[in-house]
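> This is the structure I want to talk about, given as structure tokens.
Readers should treat all values here as calculations from the given coordinates under stated rules, not as data from a laboratory. Note that the coordinates shown come from a computational prediction; the quantities given were computed from them, not determined experimentally. Virtual Cβ from ideal backbone geometry, glycine too; neighbours counted across all protein chains shown.
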């Protein structure tokens with residue numbers, strides 16, 4: 001029962017646990033298509049809500065593939081502005097929680113409220129980000145994995161051969177524990193589930209509407225093809241700076257008129 005939270009942590013304000021589905025990865029450019037929340041009051045009372053939102057823009061297929069919310073599903077739904085006052089009453093003067101809310105959901109929600117003329121200033125609010133807690137309390141290291149999967153301490157960490165032997169033991173334990181990972185197609189799926197949203201291995205560019213967009217620099221969230229036309233000097237700088245050969249090859253081809261093309265996965 002969620003109301004047990006009030007017995008585990010003292011609340012003198014409501015705690016709003018929420019999640020957003022959006023049109024993409026950019027806090028600046030993208031918009032909300034769904035907002036779901038659980039509001040836990042200090043007395044243990046719980047309020048829940050789940051709203052589809054018309055983002056007033058086309059939803060790229062890359063985003064639809066993640067959350068399944070298409071233009072057709074939201075075309076007759078209210079805009080955020082139409083629901084802003086209602087959501088303001090739910091979110092104002094509260095504590096906030098979710099998974100990765102500090103990096104993404106809260107900043108994007110703030111921008112949605114600003115577009116509606118409301119200043120959602122959460123800077124001084126207490127935030128409980130479950131992802132930060134998870135990564136802090138359960139370190140994602142080889143030693144931690146060895147202890148979790150094999151119930152052993154990795155006494156010789158950072159010795160290359162010892163690390164390899166420990167990794168082999170972990171893999172063997174994982175293959176025993178998770179039957180589905182013995183299937184190569186499943187392994188491909190989980191290894192590429194997130195990376196397919198990006199153009200390159202270093203995630204310098206991401207796909208949006210089938211076009212490569214910058215994920216870094218002053219041109220973040222702008223299409224590579226647009227930057228080729230408006231700021232080719234910046235791309236020349238990348239070629240001369242300390243970037244990987246993969247990044248440079250993408251830029252080099254773009255300057256030669258060959259933009260990246262997304263290949264749909266058929267696996």
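> Return the inverse of the average 1/r over all pairs of distinct C-alpha atoms in the chain, which is the Kirkwood hydrodynamic radius, in Å to one decimal.
In the chain this quantity evaluates to 22.0 Å.
> By how many nm would the segment from residue 46 to residue 202 lengthen if fully extended, with 0.36 nm per residue of separation less the alpha-carbon distance?
Details: separation 156, 0.36 × 156 = 56.16 nm, distance 4.21 nm.
Separation in residues times 0.36 nm, less the Cα-Cα distance, equals 51.9 nm.
> Can you sort 207, 184 by how many other beta carbons sit within 10 Å, fewest first? Walk me through the intermediate numbers first.
Details: 207 20, 184 9.
The order, fewest Cβ neighbours first, is 184, 207.
> Apply the a/c threshold of 1.5 to the C-alpha gyration tensor of the stretch 11-77 and tell me whether it is rounded, prolate or oblate.
Working: a/c = 3.13, a/b = 2.30, b/c = 1.36.
Since a/c reaches 1.5 and a/b is larger than b/c, the shape of the stretch 11-77 is classed as prolate.
> Same structure again: Considering only 142, 106, 118, give the residue with the highest GNM mean-square fluctuation for the chain, with springs between Cα atoms whenever their separation is below 10 Å.
142
> To make sure I understand, if each residue's beta carbon is the centre and we count other beta carbons within 10 Å, what order do 258, 196, 226 fall in, fewest to most?
So the ranking, lowest neighbour count to highest, is 258, 226, 196.
> State, as an integer percentage, the relative contact order of the chain based on alpha-carbon contacts under 8 Å between residues 6 or more apart.
Taking the mean separation of contacting Cα pairs over the length of the chain, I get 12 percent.
> If you don't mind, another one. Report Rg/Rh for the stretch 197-255, rounded to two decimals, where Rg is the Cα radius of gyration and Rh the Kirkwood radius. Could the numbers behind the result be given before it?
Details: Rg = 10.3 Å, Rh = 11.3 Å.
Reported Rg/Rh (Cα atoms, Kirkwood Rh): 0.91.
> Could you calculate the FRET efficiency of residue 237 with residue 3 from 1/(1 + (r/R0)^6), where r is the beta carbon distance between them and R0 is 51 Å, rounded to 0.05?
It comes to 0.35.
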